[in-house]
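The values are calculated or read from the model by the stated rules, or taken from the named source; none is laboratory data. Please read all numbers here as calculations on a predicted model, not as lab measurements. Cβ sites come from the backbone with ideal geometry, for glycine too, and all protein chains shown count toward neighbours. For the accessible areas, the whole protein counts, side chains as well, though only heavy atoms, and no ligand, DNA or RNA atoms are used. Shrake-Rupley method; radii C 1.70, N 1.55, O 1.52, S 1.80 Å.
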Amino acid sequence: PYGFYEESFHVVPQEGRCGGVVYNEMKGAYGSIDRMIYRGIRQMIFEDTHYAYDSGGAPNAIPTLTYDAFVRTYQSYYYPRNMKVIVYGDVPIEQTLEQITLYLSESYEKQQGVDLSVEKTNELTNKTYKVLPTHNKGCIAKSFVLEEGASVSQIQALDLWMTAYLMSPQSYFQSQLLRQGVHAKWLKDDDLPYTVYTVVLTDIPCSKIEMYNKLLDRLIDEAPKHLMKNVFLEKDIIK
């Protein structure tokens, strides 16, 4: 219990403060605009699934966690069938695997692993999140979900294509945005059953969100018509 309260959350009334290693780490993480955009995207696309939740815990939710609930969670989910073992470095692999096998005794065979698969994503096309006070500024995040099973080479090719033909300052897409005084960046979330690419416009006045949203839609639609071959640009990107 002492380790739990030190790591998660505790109150120090004499000093008028709250503490906890994870609580303080997550408070800092949730002060980042990029992280809040990232969390909003997952909550939108993977709504009502385990991927919508933050494994570190939302700062407002951490103080509600009790030691008893923590122990129940551990007993419910922390067993070998739910484990992934990662071995790396210059190690005697056969000997290491034998040691792991000894640990995974037959007494665990009856326990089933938790199914973490996701059959489909959220069908909503638009949602607004209020995340941090930003003095009447907002962000537009437009996500594209790849089909399950995209190969590593396909994703690598798409990364290069987006970097060269969408995100490069010389590209039609980015140059048109820069003319309007805004800059786009892209986020890639491939730690999921479906790889998600997101184009993000930041620091947009809330009064102009709809205008820039229409501009972004138009430029995405027009982008394939302005893909002039640029061998030098591709070489620079690959280098």
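Side notes on the structure shown:
- Any chance VAL71 is in a loop (DSSP other than H, G, I, E, B) and either in contact with a Gly (Cβ under 9 Å, 6 or more places away or on another chain) or of a type outside the set (D, E, K, R) (or both): no
- Note on region 43-55: residues that are buried (at least 16 other Cβ atoms within 10 Å of the Cβ) and farther than 16 Å from SER117 by Cβ total 3.
- Residue in region 147-157 that is open to solvent by 100 Å² or more (accessible area, probe 1.4 Å), of a type outside the set (A, V, I, L, M, F, W, C), over 23 Å from ASN213 (Cβ atoms) and within 18 Å of the chain's Cα centre (by Cα) present: yes
- Residue within region 157-172 that is without any contact (Cβ under 8 Å) to a residue 40 or more places away in the chain and within 22 Å of TYR30 (Cβ to Cβ) present: no
- Looking only at region 26-68, and only at residues there that are among the hydrophobic types (A, V, I, L, M, F, W, C) and assigned to a loop (DSSP other than H, G, I, E, B), the one that is farthest from ASP190 (Cα to Cα): LEU65
- Residue, modelled with the lowest pLDDT, within region 48-75, restricted to residues that are polar (S, T, N, Q) and within 27 Å of TYR194 (Cβ to Cβ): SER55
- Hits in region 82-102 - residues which are among the aliphatic types (A, V, I, L, M) and open to solvent by 90 Å² or more (accessible area, probe 1.4 Å): ILE86, LEU102
- Filter result for GLY31 (surrounded by 13 or more Cβ atoms within 10 Å (Cβ to Cβ) and touching a residue at least 24 places away in the same chain (Cβ under 8 Å)): no
- Restricting region 198-214 to residues that are within 22 Å of LYS188 (Cα to Cα) and assigned to a helix (DSSP H, G or I) leaves a set whose member that is most open to solvent (accessible area, probe 1.4 Å) is ASN213.
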